[in-house]
Amino acid sequence: MPLHKHWQDLSRATVGSAPNQYGVYELGDADGAVLEVGWGILSDELKDALAYGSGEQVRWDTAQTKAEAKERAAEHRERAGL
């Protein structure tokens with residue numbers, strides 16, 4: 001099950017708007033297929049994804065704790081077959 005958020009272009013502007021808190025994120029290709037599911041401090045993780053060209057689109061959801069972000073990412077990976 002994907003995150004219930006709309007895809008955004010993985011760009012400097014999008015990454016700049018990412019919160020500096022824990023969360024889970026999905027990176028997708030141009031067609032919206034999920035390529036990667038990750039977790040961590042969103043602003044840091046998405047800066048790395050942009051720098052390494054890990055996808056063309058991104059969507060994320062914040063979490064209250066590190067443990068929650070890690071657990072939700074694992075669930076999303078399993079559902080996505082990653």
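Bear in mind that the values in this text are calculations on the coordinates, not laboratory data. Nothing here was measured: the structure is a model prediction, and the numbers come from that model. Heads up, the Cβs are rebuilt from the backbone with ideal geometry, glycines too, and the neighbour counts pull from every protein chain shown.
The table that follows gives values for the structure above.
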| read-out | value |
| --- | --- |
| For a label point 7 Å along the Cα-to-beta-carbon line of A33, residues of the range 58-79 with backbone N under 18 Å | 58-59, 77-79 |
| Student exercise, the chain dipole from Lys, Arg, Asp, Glu Cβ charges, in Debye to nearest 20 | 200 debye |
| Distance histogram for the chain (every C-alpha pair counted, 10 angstrom bins, percent rounded to whole numbers) | 21, 58, 21, 0 |
| Vicinal HN-Hα couplings computed from phi for the range 53-66 (Karplus, 6.51 cos²θ - 1.76 cosθ + 1.60; Hz; Gly/Pro x) | x, 6, x, 10, 9, 8, 8, 8, 9, 7, 10, 7, 9, 4 |
| Inter-label distance for R12 and E75, nm, one decimal - labels placed 7 Å from Cα along Cα-to-Cβ | 3.7 nm |
| 5 angstrom amide H check on L10, placed H, neighbours 5+ away | Q57, V58 |
| Theoretical ellipticity at 222 nm over the chain - DSSP helices of four or more residues, -39500 (n - 2.57) apiece, nearest 500 | -11500 deg cm²/dmol |
